[in-house]
C-alpha cells in the first residue's frame, strides 16, 4: 500500500504532514509513504523521528502551491509543485492514493486535470463526513467541487455517496436524504424539486426524502446530497459554529471561578464533544468520481488529521473503491441509455 503525501500542503507544512505520515506507519503494517516536496525540508523533519526508513521515500519538487494562490493559474504554472506531483504519482500508478492539506481550489482543479472523471460520471463531488447526534457518521456531498448542479448530478451523487458509506463504514443500504428548506415533498427550488423526483424513482438508493439544515445532524440518515455551493456553505457554517461555541466557553470560564469549576467537571464531556466535531478525526474529504483517490485534509490539520487522512486513503485503496465505483457507474450509465432508447 503506497500513499503519496503532499508534504508542502497546508498551514502547518512540512511539520505536520511529515509527522502525520510517520505516525501512520505504526497503524498500518503494510503501508509505504511517498513524501512529496522540498527534499531538504522533509529530511530535516524526518530526522526528528524514529521509524523504518525503508517505508518512507522522498520525491523532490521545488515549487509550492500556497494557500492564497489563485487555484487554476497555480496548478498550470507551478508544474513542479508538490501538489501536482502527488497526483501525478497516482495517475501513473506509482501511488495508490494521494493526501494533501493544501489549497482546496487548487486541489480540486489539479485532481480533475490529472486524474480525470470516471467515464459516465456527470460531475465530481467532494464528500465530507459528519458526526450524528444519534451516533455513527454520515456523509454530505457535494461540499465544494460542483457549485452549479442539475438534478441528474444530485441523483448520481446519491449513488456515489451510498458506495462511499458502504466501503468506509460498512453500512448496507444507506439511507439517503436531500438537503432542502422543508421536509415535505414539493418544497424548495426547481433544482431540489426535480432532484427529489429522480431520487424517489432511483431503485439503486434508499431514499428517505428531504432533510432540513436544522435536523441533518440529529437524524438517522447516512448520505445527504446537495449542490456544491450549498454544501460548502453548510460545511463552513458548521466549522464556524464550533469555533463560536468554543470561544464563548473559553471567555465565560475566564470570567467566573464557578464556571472554571464547572468546566473542570465537564472536561471528559468536552473532550468527547471536541472529538466528535473535529474534522481531523474523519480523515478529511474525498473527491468522488475521479480515476484515482485524492483525499483533502483540512488546511489547518495537525499530524492527527494527516494520519487519519492517510488511513482513510489506505482503506479506500485496499477496498478498490475506484474500481467498485466504476462498475456501479457503468451499470447506471447502461440503465440510463436503455431508458432513453425506450
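A few comments on the model shown:
- Residues in the range 208-227 that are in contact with a helix residue (DSSP H, G or I) (Cβ under 9 Å, 6 or more places away or on another chain) and more than 20 Å from residue 168 (Cβ to Cβ): 209, 210, 213, 227.
- Of the residues in the range 243-262, none is within 30 Å of residue 49 (Cα to Cα), out of contact with any helix residue (DSSP H, G or I) (no Cβ under 6 Å at 6 or more places or on another chain) and at pLDDT below 90.
- Residue-level analysis places residue 35 outside the set of residues that are within 21 Å of residue 305 (Cβ to Cβ) and out of contact with any strand residue (DSSP E or B) (no Cβ under 6 Å at 6 or more places or on another chain).
- Strands (runs of 3 or more DSSP E) within the range 30-121 that include 3 or more residues closer than 25 Å to residue 289 by Cα: 32-37, 97-100
- For the range 77-87, the candidate set comprises residues that are farther than 13 Å from residue 7 by Cβ and buried (at least 20 other Cβ atoms within 10 Å of the Cβ); within that set, the residue that is nearest to the chain's Cα centre (by Cα) is 87.
- Filtering the range 184-199 to residues that are touching a strand residue (DSSP E or B) at 6+ places or on another chain (Cβ under 9 Å), at negative phi and surrounded by 13 or more Cβ atoms within 10 Å (Cβ to Cβ) leaves 185, 187, 192, 195, 196, 199.
- Qualifying residues in the range 205-234 (those that are assigned to a loop (DSSP other than H, G, I, E, B) and at pLDDT below 90) - the one surrounded by the fewest Cβ atoms within 10 Å (Cβ to Cβ): 214
The values are calculated or read from the model by the stated rules, or taken from the named source; none is laboratory data. The model shown is predicted, which means the values in this text are computed figures rather than measured ones. Every residue, glycine as well, gets a Cβ built from its backbone with ideal geometry; the counts of neighbours run over all protein chains shown.
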